[in-house]
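The values are calculated or read from the model by the stated rules, or taken from the named source; none is laboratory data. All of these numbers come straight from a predicted model, not from anything done at the bench. Cβ placement follows ideal geometry from the backbone for every residue including glycine, while neighbour counts extend to all protein chains displayed. What goes into the accessible areas is simple: the full protein's heavy atoms, side chains included, and nothing from ligands, DNA or RNA. Shrake-Rupley method; radii C 1.70, N 1.55, O 1.52, S 1.80 Å.
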Amino acid sequence: FQADIPWHWHNEFEFGYIAGGSVVYQTNSRTVTLHKGDGIFINSGVLHYLHPLEPYREARLQTQFFDKTFLAGSPGSLLDIKYVTPVIERHRFEAFPLHHADPASRRFLEGLQEGVKLCHSKNDFFELHLRNLFSNLWEFIYRKAMEEERDAPSPRRSVEDDRIKQMMSYVQERFPEKISVAEIAASIPISERECYRLFQNSMGITPLEYLVSIRLQNAQALLMNTNKSILDIALETGFGSSSYFGKIFRGHHRLTPAQYRKLSRQKAIIP
């Protein structure tokens with residue numbers, strides 16, 4: 001990829017594998033730089049952000065998501081209660097980097113690549129083999145999570161997480177519109193000052209900087225996947241004009257929207 005992936009979260013677990021270049025993963029509590037051959041586990045519901053390091057064109061990310069039912073079956077099952085939910089509840093276990101230089105992590109990363117091969121081969125029973133593989137990988141994640149200090153997050157921390165996610169959802173739903181910090185804050189509702197504080201504490205950015213990042217992410221997708229004009233994309237993503245869109249886009253990517261479109265399509269045809 002050629003651009004940042006803005007702050008987001010998902011209920012699925014994530015295994016990221018760096019197939020090329022270098023990428024920075026950031027969560028509320030830590031920043032990890034990963035290089036080609038490294039990987040990372042992101043826990044369910046964790047806010048995180050990705051930033052490719054230069055040269056951006058070399059950055060390649062292979063990501064696998066899966067819901068806890070993939071491992072444990074129905075919610076509340078024995079496997080869920082005993083092995084999956086305890087990992088989710090380790091709130092300090094936001095992310096775990098997997099460095100290729102570490103032998104245990106390297107074996108884990110080799111398992112991830114074996115999963116990719118299973119999916120590509122689609123041999124008989126590959127789904128069962130894939131589930132067995134991830135069950136074995138999960139044992140490693142479970143053990144690492146249990147090594148973390150037991151922590152019962154304060155109600156304040158949980159409330160803050162819920163509030164920031166609600167405001168992020170509000171922005172994601174309304175990013176094409178003209179929205180203000182006052183409107184973002186009112187979606188909870190909280191004061192503008194508290195809104196600024198939550199965004200700064202959780203992600204180190206302002207609410208409007210988050211709004212711009214979401215607009216850029218959607219603009220990037222339209223540039224890569226459609227033939228819409230630059231002006232139409234600017235209007236559709238809330239930038240208002242092609243000149244303002246171009247200025248913001250160049251400031252973030254050091255490319256014009258047209259250059260980004262050309263580059264992304266060239267990369268798409270590379271085998």
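A few remarks follow.
- Long-range tail of P(r) for the chain (Cα pairs > 31 Å, %): 35 percent
- Hits among lysines - C-alpha to C-alpha of LYS36 under 30 Å, sequence gap 8 or more where chains match: LYS68, LYS117, LYS122, LYS144, LYS262, LYS267
- Relative contact order of the stretch 69-116, defined on C-alpha pairs under 8 angstrom at six or more residues apart (%): 17 percent
- Accessible area per residue for the stretch 130-271 is 57 Å², calculated with a 1.4 Å probe on protein heavy atoms, without ligands, DNA or RNA.
- Using a Förster distance of 30 Å, the FRET efficiency for SER241-ASN201 (Cβ separation, nearest 0.05): 0.35
- Extension gain for LEU79 to ARG60 (0.36 nm times residue separation, less C-alpha to C-alpha distance): 3.5 nm.
- Computed in the context of the full set of protein chains, the accessible area of the stretch 150-268 at 1.4 Å probe radius has 51% of its extent on carbon or sulfur.
- Electrostatic tally near LYS228: other residues with Cβ closer than 12 Å to its Cβ, Lys and Arg +1, Asp and Glu -1, net -1.
- The radius of gyration of the Cα set in the stretch 131-271, together with its Dmax, comes out at 19.9, 53 angstrom.
- Values of log10 I(q)/I(0), in the order q = 0.19, 0.29 Å⁻¹, for the stretch 208-267 under a Debye, Cα-only, solvent-free model: -0.59, -1.39
- Gain on full extension, evaluated as 0.36 nm per residue between THR69 and ALA104 minus their Cα-Cα distance, stands at 10.0 nm.
- Net length gained if the chain between VAL159 and ARG193 were fully extended (0.36 nm per residue, minus Cα distance): 10.6 nm
- Estimated from the Cβ-Cβ distance and a Förster radius of 51 angstrom, the FRET efficiency linking SER229 and LEU133 is about 0.65.
- Accessible area per residue for the stretch 1-125, computed on protein heavy atoms with a 1.4 Å probe, is 49 Å².
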